[in-house]
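Peer 1: Here it is: the structure, laid out below.
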Amino acid sequence: MANPGGVGHPAQVTTPAEPAATGKPRWWSSAHAWVTTTYYAEGFPYSIVNNLAEYLFKELGASLQAIGLTAAFHLPWNIKFLWGPFLDQYETKRRWLLATEVVLSVLLLVLAAFATSAAMIGAVSVCFMVMAVFSATHDIAIDGYYLEGLDEEGQSRYVGYRAAAYKLASATVRGPLFIFIGYVGWQVGLVTAAVMMGALTAFHAVALPRVERRGSSIVALPRLLASRPYLTAAAVAAIGIAIWREEIFGPDLAETVVAPVREWIASLRWRVAISVPRWIGLGRLAVLLAMLAALPWLRRRMEASDSQYARSFVDFLAQPQVGRILAFVMLFRTGESFLEKMRLPFMMDEAGLSGPEYGWLNGTVGLLAVFVATIVGGRLIARDGLRRWIWRFVLAQNVLNLSYAVVALFPDPSAIPTWGIGVVIVAEHFGAGLGTAVFMVYLMRACDPAHKAAHMALLTALMSVGYTVAGIASGFLAAAMGYAAFFGLTFVATIPMMALIPFVPFIDGRAAASGAAR
């Protein structure tokens, strides 16, 4: 008898987000509710790792180059496609989603224990990297759950909600949370973040519909991690705190065990942060190109293979015009990625904004712009199709980068009124929201329905290659070129992506691309 939940044949059933078998759902299990809260939960730890880290490093007196190098924490998003297929094969996306949320809540508490002084920056860096691994896995689970729970029309209809919720989470971290930390300190602020993450986890445990059958069971330790994550997370947290808090075992053990560990972490060079993401990104591109060249041979081998893991990658590479897809996805956010790491230091050091002022502009008025842009953008794409709006939205995303160059060209940017700086921030957020609506729709169309989570993980990981490399280079480029020239470069970097738009498939949907291929 065939094993319907086995590795080779994962039994997953795509059903509506509001299954008929459950009757009329309550408001908390409607698609409006779970799409919004899951993507808020996705963006929240992501922004803590990728945005709060740079705030913390700046407050600790890090250089412009070091702030840019916090982009190295994005490395797990570069390689998350490696474990994406396993989320398709084992358990359900719902279980993976809940398990990673529990672990992330605990890790925020551990980070709060470490974020005490500049001397702890090594431990803080390690904690950020571990959080990044679980947050990247969390992203895979949420994207897969979304694709399982909604049909293609629903995916387009709710893209505005998911993008807006994600941006809201990012704005919460960059705005209110940062302001709150300024008043109460890092430890209280991070504990508050952990409580927020825990509340989202509790809500999802109750509210998320069961939209897919369970895949293969995870055995031994992996099963423990998936089904009882709080035990493992608690153990890791206890060990980490015991090692670092010398008062637990006294100064003697701290001197012989803790001090060498701290010195080893402190001795790590930032050049490792530069080289590892770069070589992983180049290595992955080399592997993808090799697989493209060997695709006919691989497909023949796959006819005798029962591996869902391998098939997911080969089927992705078998799509029409896959090279254009890879280039378009990887280049889509390059300009925004250059801009993101340097926006905060420019606004605070050159434009004269205080941390709270930047937080309010970024997390209040800017947040409203993000909501309007993403929801309206998603609705317009769902109504009129991606082709009608792609150029307008992409230009809005990219051209508005130049507004920062205009500010930087002023003899004294700090003399510009705060409302003028606010216009720049709001306009850039609005354009980024429109670009996000385009990108999310395109990514979903580029995913084969048979391998949704794996292909989404691969595509978003490819996008993050550009993010990581651009972020790491941003501090060095800004320091060498000056802010005005650097912000001009952030627009120039978007031109290759825009040149690909007339040539990439799936602009009109998968069905249209398949018909054209035939």
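The values are calculated or read from the model by the stated rules, or taken from the named source; none is laboratory data. All of these numbers come straight from a predicted model, not from anything done at the bench. We place every Cβ from the backbone using ideal geometry, glycine too, and count neighbours over all the protein chains shown. Just the protein is used for accessible areas: all its heavy atoms, side chains included, with ligands, DNA and RNA removed. Shrake-Rupley method; radii C 1.70, N 1.55, O 1.52, S 1.80 Å.
Peer 1: Are any of the residues in the stretch 83-90 closer than 30 Å to Ser474 by Cβ and in a helix (DSSP H, G or I)?
Peer 2: First pass over the stretch 83-90, keeping only residues closer than 30 Å to Ser474 by Cβ: 83-84.
With the extra rule that they be in a helix (DSSP H, G or I), the set shrinks to 84.
Yes, the conditions are met somewhere in the stretch 83-90.
Peer 1: Of the residues Ser354, Ser337, only one is among the polar types (S, T, N, Q) and within 30 Å of Leu82 (Cβ to Cβ); which? Spell out the reasoning first.
Peer 2: On the way: Ser354 fails: within 30 Å of Leu82 (Cβ to Cβ).
The conditions single out Ser337.
Peer 1: Looking at Gly122, is it part of a helix (DSSP H, G or I) and modelled with pLDDT under 75? It would help to see each step written out before you state the result.
Peer 2: Working: part of a helix (DSSP H, G or I): yes; modelled with pLDDT under 75: yes.
So Gly122 passes the test.
Peer 1: Additional query: For the condition part of a helix (DSSP H, G or I), under 19 Å from Lys80 (Cβ atoms) and at pLDDT 85 or above, what is the one hit in Val130, Val191?
Peer 2: Numbers: Val191 fails: under 19 Å from Lys80 (Cβ atoms).
None of the other options fit; the residue is Val130.
Peer 1: Give the residues of the stretch 316-341 that are out of contact with any His (no Cβ under 6 Å at 6 or more places or on another chain), modelled with pLDDT under 80 and either open to solvent by less than 40 Å² (accessible area, probe 1.4 Å) or closer than 18 Å to Val399 by Cα (or both), sorted by residue number. Walk me through how you get there before you give the answer.
Peer 2: Looking only at the stretch 316-341, we keep the residues that are out of contact with any His (no Cβ under 6 Å at 6 or more places or on another chain), and these are 317-341.
Then keep just the ones that are modelled with pLDDT under 80; that gives 317-320.
Listed by number, the residues that qualify are Leu317, Gln319.
Peer 1: Evaluate the stretch 140-149: report whether one residue or more is closer than 14 Å to Asn50 by Cβ and out of contact with any strand residue (DSSP E or B) (no Cβ under 9 Å at 6 or more places or on another chain). Full working, then the answer.
Peer 2: Restricting attention to the stretch 140-149, the residues satisfying the condition of being closer than 14 Å to Asn50 by Cβ are none.
No; the residues of the stretch 140-149 include none that is closer than 14 Å to Asn50 by Cβ and out of contact with any strand residue (DSSP E or B) (no Cβ under 9 Å at 6 or more places or on another chain).
Peer 1: Collect the residues in the stretch 325-349 that are farther than 17 Å from Ile425 by Cβ and part of a helix (DSSP H, G or I), keeping them in residue-number order.
Peer 2: Just the residues of the stretch 325-349 that are farther than 17 Å from Ile425 by Cβ, to begin with: 325-334, 337.
Listed by number, the residues that qualify are Ile325, Leu326, Ala327, Phe328, Val329, Met330, Leu331, Thr334, Ser337.
Peer 1: Something else: How many of the residues making up the stretch 85-114 are farther than 16 Å from Phe134 by Cα and touching a Leu at 6+ places or on another chain (Cβ under 6 Å)?
Peer 2: Just the residues of the stretch 85-114 that are farther than 16 Å from Phe134 by Cα, to begin with: 88-92, 112-114.
Retained after the next criterion (residues that are touching a Leu at 6+ places or on another chain (Cβ under 6 Å)): 112.
The qualifying residues number 1.
Per-residue answers, yes or no, for (1) touching a helix residue (DSSP H, G or I) at 6+ places or on another chain (Cβ under 9 Å); (2) of a type in the set (Lys, Arg); (3) in contact (Cβ under 8 Å) with a residue 40 or more places away in the chain:
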position	(1), (2), (3)
Asp349	yes, no, no
Gly377	yes, no, yes
Ile381	yes, no, yes
Trp389	yes, no, yes
Asn398	yes, no, yes
Val407	yes, no, yes
Ser414	no, no, yes
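Peer 1: Still on this structure, please answer the following. Name the one entry in Asp139, Asp143 that is crowded, with 24+ Cβ neighbours inside 10 Å and under 28 Å from Ile67 (Cβ atoms). Let's see the steps before the verdict.
Peer 2: Values: Asp143 fails: under 28 Å from Ile67 (Cβ atoms).
Residue meeting the stated conditions: Asp139.
Peer 1: Within the stretch 219-229, is there a residue that is among the small types (Gly, Ala, Ser) and either open to solvent by less than 10 Å² (accessible area, probe 1.4 Å) or at pLDDT 60 or above (or both)? Working first, answer last.
Peer 2: Within the stretch 219-229, the first condition is being among the small types (Gly, Ala, Ser), and the residues that meet it are 220, 226-227.
Keeping just the survivors that are either open to solvent by less than 10 Å² (accessible area, probe 1.4 Å) or at pLDDT 60 or above (or both) gives none.
There is no residue in the stretch 219-229 that is among the small types (Gly, Ala, Ser) and either open to solvent by less than 10 Å² (accessible area, probe 1.4 Å) or at pLDDT 60 or above (or both).
Peer 1: Select, from Thr70, Thr38, the only residue that is touching an Asp or Glu at 6+ places or on another chain (Cβ under 6 Å), at pLDDT 70 or above, open to solvent by less than 30 Å² (accessible area, probe 1.4 Å) and under 30 Å from Phe371 (Cα atoms).
Peer 2: On the way: Thr38 fails: touching an Asp or Glu at 6+ places or on another chain (Cβ under 6 Å).
On inspection, the qualifying residue turns out to be Thr70.
Peer 1: On to the next question. Can you confirm whether the stretch 355-365 contains a residue that is in contact (Cβ under 8 Å) with a residue 60 or more places away in the chain, among the β-branched types (Val, Ile, Thr) and either open to solvent by less than 30 Å² (accessible area, probe 1.4 Å) or farther than 30 Å from Ile507 by Cα (or both)?
Peer 2: Looking through the stretch 355-365, at least one residue is in contact (Cβ under 8 Å) with a residue 60 or more places away in the chain, among the β-branched types (Val, Ile, Thr) and either open to solvent by less than 30 Å² (accessible area, probe 1.4 Å) or farther than 30 Å from Ile507 by Cα (or both).
Peer 1: Determine which member of the set Trp83, Trp96 is closer than 25 Å to Val441 by Cβ and open to solvent by 10 Å² or more (accessible area, probe 1.4 Å).
Peer 2: Working: Trp83 fails: closer than 25 Å to Val441 by Cβ.
Result of the check over Trp83, Trp96: Trp96.
Peer 1: I'd like to check something: does the stretch 410-421 contain any residue that is over 30 Å from Val35 (Cα atoms) and among the charged types (D, E, K, R)? Outline the logic, then answer.
Peer 2: Looking only at the stretch 410-421, we keep the residues that are over 30 Å from Val35 (Cα atoms), and these are 410-421.
Add one more test, that the residue is among the charged types (D, E, K, R), and what stays is 412.
Checked the stretch 410-421: at least one residue is over 30 Å from Val35 (Cα atoms) and among the charged types (D, E, K, R).
Peer 1: Still on this model: In the stretch 381-401, which residues are assigned to a helix (DSSP H, G or I) and either farther than 24 Å from Leu489 by Cβ or open to solvent by 60 Å² or more (accessible area, probe 1.4 Å) (or both)? Spell out the reasoning first.
Peer 2: Filtering the stretch 381-401 down to residues assigned to a helix (DSSP H, G or I) leaves 381-384, 386-399.
If the condition is that a residue be assigned to a helix (DSSP H, G or I) and either farther than 24 Å from Leu489 by Cβ or open to solvent by 60 Å² or more (accessible area, probe 1.4 Å) (or both), then Ile381, Ala382, Arg383, Asp384, Leu386, Arg387, Arg388, Trp389, Trp391, Arg392, Leu395, Val399 are the ones that fit.
Peer 1: Any idea how many residues of the stretch 459-477 are closer than 15 Å to Phe346 by Cβ and crowded, with 24+ Cβ neighbours inside 10 Å?
Peer 2: Total satisfying the criteria: 3.
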